[in-house]
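The block underneath contains the structure these notes are about, expressed in structure tokens.
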Amino acid sequence: MDFNERDPLGSQPGDLDPLRAPTMWAATGFGNTAPQAPDPTPHVFDVCHVGVVLRVVLGVQALVLLLSLHGVYSGSQWLLRLGLLTAEALPAALCWLVLACPLSRVLQRLSPSAQAVAAAVLGMVSASFSHAQVAWAMAPHEASLALSQPWAWAGPLVSGAAFGLLVWGWLRSRQGRVLPAHTQARLVELQARIRPHFLFNTLNTAIALVQVDPDRAEAVLEDLAELFRRALASPATRSTLADEVELAQRYLAIEQLRFGERLSVNWQVDPATEAALVPTLLLQPLVENAVRHGVEADPQGGWIRVQTQRKGERVVVTVTNGLPADAAAQGSARKGHGIALRNVRQRLLLMHDVEAEFEAGPLPMAPGSTQQCYRVRFAWPDTPQGHVPPGEAP
């Protein structure tokens, strides 16, 4: 068969003429990307975000609640004891977290035994500070005399060391759970990412372009190679949102060759979001799903809108696509989004825990509209350092 006669789609009628594809194609610069940094030492003292703080506070309060029940004989006595224990234990726990957060990168370089000692020392310092503050607040005139007695510090020192060791043990256990979960999320992402029929269609498109436009055929193959390079990159790598947007645009440019005028894409990228750090291959699977279930499933084609926004200290990304008019096809599209959505949600939670937002689903049909839309919206805090989960390279 002559190359000019070969159908690069092998699917429904569309714009099959490669010459009508976008003219912006050129060899990409992805191949010159600098090598990613090697994986860092696993981060045990991962305390610099809201999720860990909430869990520690709730755990301390639960322990205080249990201790306050011991040896009390009335409700008023229990409330008084609960208040005193909370006033001393909760500030001590928060002080430990405040000290451990800026020291986390130093502490993670220590051996496990040295980390345990450091956690205990931080606990002793935090508990002693909290104990002194409570003593001065309750009895300012007697506090100096009481605190001058050596035995007055025995309780805070012992309980503080025990608290530090307990939190350190929990963080080590959490690290052991998070790292396998991160690896599993990466495997799921790879399964969703490398789809044989996309590879087949892209190679057919490149073959059809060889005779009529060799430069564009080369660009297609280079972008395909970049997609696979990013898919096979180390699970510990992260990229900027600008890189993710560019990769998604390259993917959609490949699909534009297949669908031509059947595919309409609208990009609304806020320049203030470009430097935000994200897990690699976070956006591309979502636009691929939008193509597969919102464009490919509709003989008339469809549209995709990708929007990035900065709202205060948070970055918001929205991917919206139209759904086919056929009700059965709409149901199929909603089911088909599952793998990529679960993957993106899981990776955002691993990266930002409770600070991440994620929602996905069909939008209510606007009055007078005949087409339903599907929207994926997710957001995360963009801080100068960001939260680096265990196993993530900064």
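Determine whether the range 253-271 contains at least one residue that is of a type outside the set (A, V, I, L, M), within 20 Å of the chain's Cα centre (by Cα) and outside any helix (DSSP H, G or I). So far as the range 253-271 goes, yes, one or more of its residues are of a type outside the set (A, V, I, L, M), within 20 Å of the chain's Cα centre (by Cα) and outside any helix (DSSP H, G or I). Applying a threshold of 7 Å to beta carbon distances and a minimum spacing of six or more residues, or different chains, the list of pairs starting in the range 316-329 at a residue that is part of a helix (DSSP H, G or I) and ending at one that is at pLDDT below 95 reads Ala329/Ala297. Scanning the range 227-242 for residues that are surrounded by 19 or more Cβ atoms within 10 Å (Cβ to Cβ) and either modelled with pLDDT of 80 or more or not assigned by TED's automatic domain parsing to the domain that holds Ala275 (or both) yields Ser239, Leu241. If you go through the range 42-95 and keep only what is of a type in the set (Asp, Glu) and closer than 29 Å to Ala356 by Cα, you end up with just Asp46. Check the range 68-76 and report whether any residue there is hydrophobic (A, V, I, L, M, F, W, C) and surrounded by 15 or more Cβ atoms within 10 Å (Cβ to Cβ). Scanning the range 68-76 turns up no residue that is hydrophobic (A, V, I, L, M, F, W, C) and surrounded by 15 or more Cβ atoms within 10 Å (Cβ to Cβ). Listed by first and then second residue, the pairs with beta-carbon distance under 7 Å, at least 6 apart or on different chains, first residue in the range 290-303 and assigned by TED's automatic domain parsing to the domain that holds Arg375, second of a type in the set (Phe, Trp, Tyr), are Gly294/Tyr374; Val295/Phe259; Gly301/Phe259.
Checked against the criterion of being at pLDDT 90 or above and either more than 21 Å from Ala152 (Cβ to Cβ) or in a helix (DSSP H, G or I) (or both), the candidates Leu85, Leu94 yield just one match: Leu94.
Among the residues that make up the range 243-262, is at least one of them without any contact (Cβ under 8 Å) to a residue 12 or more places away in the chain and surrounded by fewer than 17 Cβ atoms within 10 Å (Cβ to Cβ)? No: the range 243-262 contains no residue that is without any contact (Cβ under 8 Å) to a residue 12 or more places away in the chain and surrounded by fewer than 17 Cβ atoms within 10 Å (Cβ to Cβ).
Could we say that Gln108 is touching a residue at least 24 places away in the same chain (Cβ under 8 Å), in contact with an Asp or Glu (Cβ under 9 Å, 6 or more places away or on another chain) and crowded, with 16+ Cβ neighbours inside 10 Å here? Spelling it out, Gln108 is indeed touching a residue at least 24 places away in the same chain (Cβ under 8 Å), in contact with an Asp or Glu (Cβ under 9 Å, 6 or more places away or on another chain) and crowded, with 16+ Cβ neighbours inside 10 Å.
When the test is whether a residue is crowded, with 18+ Cβ neighbours inside 10 Å, modelled with pLDDT under 85 and out of contact with any strand residue (DSSP E or B) (no Cβ under 6 Å at 6 or more places or on another chain), Asp46 passes it.
Among the candidates Gly71, Gly31, the residue that is farther than 22 Å from Gly169 by Cβ, modelled with pLDDT under 80 and assigned to a loop (DSSP other than H, G, I, E, B) is uniquely Gly71.
The values are calculated or read from the model by the stated rules, or taken from the named source; none is laboratory data. Since this is a predicted model, take the numbers as computed values, not measurements. Cβ atoms come from the backbone with ideal geometry, glycine included; neighbour counts cover every protein chain shown.
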